[in-house]
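Report on the following structure.
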Amino acid sequence: MHSVTVRICAGEFSATMTAIREWLDANRYRPTRYKYDHDEDAVLVTVDFPAGVAAKAFATRFDGVDRFPLQPAPPGSGRQLLADAIRQRR
């Protein structure tokens, strides 16, 4: 599952959701789930996609933050170094 969260100003929510629906239809992307949360004067919309390519395209188009499944990091990378440090503390 590939999730993307978009922060939408409350006053622009309806127009942005319409733009999202039109973009999804035009690109033939079919999300598997939508989730809404309120955050001060905005709405956080999280959209789940079965394919990473669709999630990345959506995140790029709507300035979203992607939360893709973690994958093993190559040795020496920042993620791998962090994982090693956590293991050493245990």
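Just one of Asp25, Asp37 is in a strand (DSSP E or B) and of a type in the set (Asp, Glu); which is it?
Matching residue, one of Asp25, Asp37: Asp37.
Restricting the search to the range 3-22, which residues are open to solvent by 40 Å² or more (accessible area, probe 1.4 Å) and either under 17 Å from Arg67 (Cα atoms) or assigned to a strand (DSSP E or B) (or both)?
Hits for the range 3-22 are Arg7, Cys9.
Name the one entry in Asp48, Asp37, Asp41 that is modelled with pLDDT under 95, among the acidic types (Asp, Glu) and within 16 Å of the chain's Cα centre (by Cα).
Asp37
If I go through the range 40-60 residue by residue, how many of them are part of a strand (DSSP E or B) and free of Cβ contacts under 8 Å to residues at least 40 places away in the same chain?
3
The values are calculated or read from the model by the stated rules, or taken from the named source; none is laboratory data. Owing to the predicted nature of the structure, the values given are computational and were not obtained by experimental measurement. Ideal geometry is used to build each Cβ from the backbone, glycine not excepted, and the neighbour counts take in all protein chains shown. Accessible surface is based on the protein model in full, side chains and every heavy atom, while ligands, DNA and RNA are left aside. Shrake-Rupley method; radii C 1.70, N 1.55, O 1.52, S 1.80 Å.
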